[in-house]
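Q: Right, I'll just put the structure down here and ask away after.
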Amino acid sequence: MSDRTSRRFFIGAATAAAAARVWGANDRINVAIVGLGGRGSSHLNLYSKLPEARIAGICDIDQAARERAQATLVRNTGESAKLFEDMRDAFADSGIDAVSIATPNHWHALAAIWAMKAGKDVYGEKPACYNIYEGQRMLQVARETKRMLQIGSQHRSTPFKMRAMEALQGGVIGNIYLSKGLCYKRRASIGHKEDSPTPAGVNWDLFLGPAPMRPFNELRFKYNWHWFWDTGNGDIGNQGVHQIGIARWGLSDPAWPKSAYAEGGKFAYIDDQETPNTLLATYDYGGRQLVFEVRGLLTGGEGVPVKRSTAAPAAGAVAPPQGPAPVSTAPKNAKPLDIMIGNLFYGTEGWAAMNDEGFQVFKGETNELVMEEHNGKDATSLHMQNWLAACRSRNYKDLHDEIENAALSAGLCHLANISYRTGRKLTIADGPKFVNDDDANRLITRDYRQPYVV
């Protein structure tokens, strides 16, 4: 039996077994972790502590990463897992029920699609997809295979953020006309490095996968792959996709905007980075707007309230409507949030600020602080538990950030990058497609390298 035929046989067997599986109340879900960089190592530690899961597989193209992960797992749990270099072998293993994917962005879609077709449920790191087409294909396969596909937007399972969104959507600041996301995460220059031989134990072909074949370069490998178009989406698709998803959430998760425009550049540094370190994107939703900004250079934050007087408006000005005085539930002398990585929401009756530290609402002409929430623990484990619960219920509507919604949040990142790369405003039709713009439409997808084709 050939290697390809063997994989096809076992994938078919795994699909049949998964379809027939009925979970008992005390059964643990056997999870394979694919990709063991910084985020994948976090997955390893988190699943090690969840009683609903058992880490049954460890997969990475780097032998050293596999060995480090195995040692960590044994230290955490006293158990070891099967080791895989090629994710397809993990997906074909009937002893694995589900996979948690923490690969570079350019692998997110194909890994999830292969896994779902092999009968595995999937937890996939953000962004949901590397390009717009991939998000659509992931949704199609999730529905066809009836697999649970959760995207790692853990803010959707963060209790104080969930309460904050209930308040915003309940009208605490009136009708929201502007939802803004900020990614002012400091990023140093990556410098320059020459190509070099591939390190021992690294499968460079598997690392590149759908991307074009290039010689090994250290800057295109660990983490810095984010800053190259072949494999990453810049910081708007790295840290920023969290905040852009929250910005959409504040607008009650609309679908595609009417238009999108982004401008910026790679300023201050002369190095090998391709993606912009400064980017300002605007999205028109008809009567309301979403704005997102990336700024990786030295900067200050936003969102500090300014106390204003309640003096009468100037002659000829129209006074704002006077409702009842706001009732404050916030503590006195609360420290305002300084938003560097977070969100701002502006409404007809006030505005609000949110970051991982908390949420604050300011009302009226005097910027009265009327509501404040504080953060608890990191919510990634809660988000994973939400996914594991849906793996049992078999209802994708139980997921807090299922692929249909998460692909739209990622899609806003892709719209910004497409506008930046083409240098013009995009007018968006259903699909989405771009009106009278062949260059932009080509960037909806990519040229895939065989056999790694989505």
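Q: Per-residue HN-Hα couplings for the stretch 412-429, Karplus 6.51 cos²θ - 1.76 cosθ + 1.60 at θ = phi - 60°, whole Hz, x for Gly and Pro?
A: 5, 4, 5, 4, 4, 5, 5, 4, 4, 6, 8, x, 8, 5, 9, 9, 10, 10
Q: On to the next question. Hey, what did the stretch 157-374 get for relative contact order, percent, Cα under 8 Å, at least 6 apart?
A: Rounded, it is 28 percent for the stretch 157-374.
Q: Another question about this same structure. Taking the Cα atoms only, what angle lies between the long axis of helix 3-20 and the longest principal axis of the chain, rounded to 10 degrees?
A: Roughly 60 degrees between the two axes.
Q: So for each of 422-435, 243-256 I average, over its residues, the number of other beta carbons within 10 Å; can you give me the resulting order with the highest mean first?
A: Ranking the peptides 422-435, 243-256 by packing returns 243-256, 422-435.
Q: Now for a different question. Within the set Lys49/Lys82; Lys82/Lys120; Lys222/Lys377; Lys126/Lys377; Lys126/Lys222, which residue pairs have Cα atoms separated by over 26 Å?
A: Lys222/Lys377, as the Cα separations exceed 26 Å there.
Q: Related question: Which value, in debye to the nearest 20, describes the size of the charge dipole of the chain about its Cα centre when Lys and Arg Cβ atoms bear +1, Asp and Glu Cβ atoms bear -1, and nothing else is charged?
A: The calculation lands at about 500 debye.
Q: Could you point to the residue in Ile151, Ala109, Gly303 farthest towards the positive end of the chain's charge dipole, with +1 and -1 charges on the Cβ of Lys/Arg and Asp/Glu respectively?
A: Among Ile151, Ala109, Gly303, the one farthest towards the positive end of the dipole of the chain is Ile151.
Q: Farthest toward the dipole's positive end in the stretch 157-374, which of Gly234, Gly350, Val291, given Cβ charges of +1 (Lys, Arg) and -1 (Asp, Glu) about the Cα centre?
A: With unit charges placed on the Cβ atoms, the residue in question is Gly350.
Q: Moving on to the next point. Sorted by average packing, counted as other Cβ atoms within 10 angstrom per residue and highest first, what order do 219-229, 444-454 take?
A: Output ranking for 219-229, 444-454: 219-229, 444-454.
Q: Provide the percentage of antiparallel DSSP beta bridges, counting only those with both residues in the stretch 157-374; round to the nearest 5.
A: If we restrict to bridges inside the stretch 157-374, about 85 percent are antiparallel.
Q: Once the Cβ-Cβ distance between Glu365 and Asp447 is put in as r, and R0 is 56 Å, what FRET efficiency do you end up with, to the nearest 0.05?
A: 0.55
Q: Still on this structure, please answer the following. Could you give me the ³J(HN,Hα) list for the stretch 31-44, computed from phi with Karplus coefficients 6.51, -1.76, 1.60 and θ = phi - 60°, whole Hz, x at Gly and Pro?
A: With the stated coefficients, the stretch 31-44 comes to 10, 9, 9, 10, x, 10, x, x, 6, x, 5, 5, 4, 4 Hz.
Q: I'd like the orientation of helix 132-145 relative to the chain: the angle between its Cα long axis and the longest Cα principal axis, in ° from 0 to 90, rounded to 10.
A: With both axes taken from Cα atoms, the answer is about 60 degrees.
Q: Pull out the extension gain between Phe267 and Asn375, defined as 0.36 nm times the separation in residues minus the alpha carbon to alpha carbon distance; nm, one decimal.
A: Using 0.36 nm per residue and subtracting the Cα-Cα distance, I get 35.5 nm.
Q: Let me check the size of the chain from its C-alpha atoms; what are the radius of gyration and Dmax in Å?
A: Cα-based Rg and Dmax for the chain come out at 23.2, 87 Å.
Q: Averaging sequence separations of C-alpha pairs under 8 Å and six or more residues apart, then dividing by the length of the chain, give the relative contact order as a whole percent.
A: That works out to 19 percent.
Q: A further question on this structure: Within the stretch 33-52, whose backbone N sits under 12 Å from a point 7 Å along Cα→Cβ of Asp205?
A: In the stretch 33-52, the label zone of Asp205 (backbone N under 12 Å from the point 7 Å along Cα→Cβ) covers no residue.
Q: Can you classify the stretch 372-426 as rounded, prolate or oblate using the Cα gyration tensor, where a ≥ b ≥ c are the square roots of its eigenvalues, rounded means a/c under 1.5, and otherwise it's prolate if a/b beats b/c and oblate if not?
A: In terms of gyration-tensor shape, oblate.
Q: Something else now. Suppose the Debye formula is applied to equal point scatterers at every Cα of the stretch 131-246; what is log10 I(q)/I(0) at q = 0.11, 0.12, 0.14, 0.20 Å⁻¹?
A: -0.60, -0.70, -0.88, -1.22
Read the figures in this text as sums done on the coordinates, not as results from a lab. Values in this document were obtained by computation on a predicted structure and should not be read as measured data. As a convention, Cβ positions derive from the backbone with ideal geometry for all residues, glycine included, and neighbour counts pool all protein chains shown.
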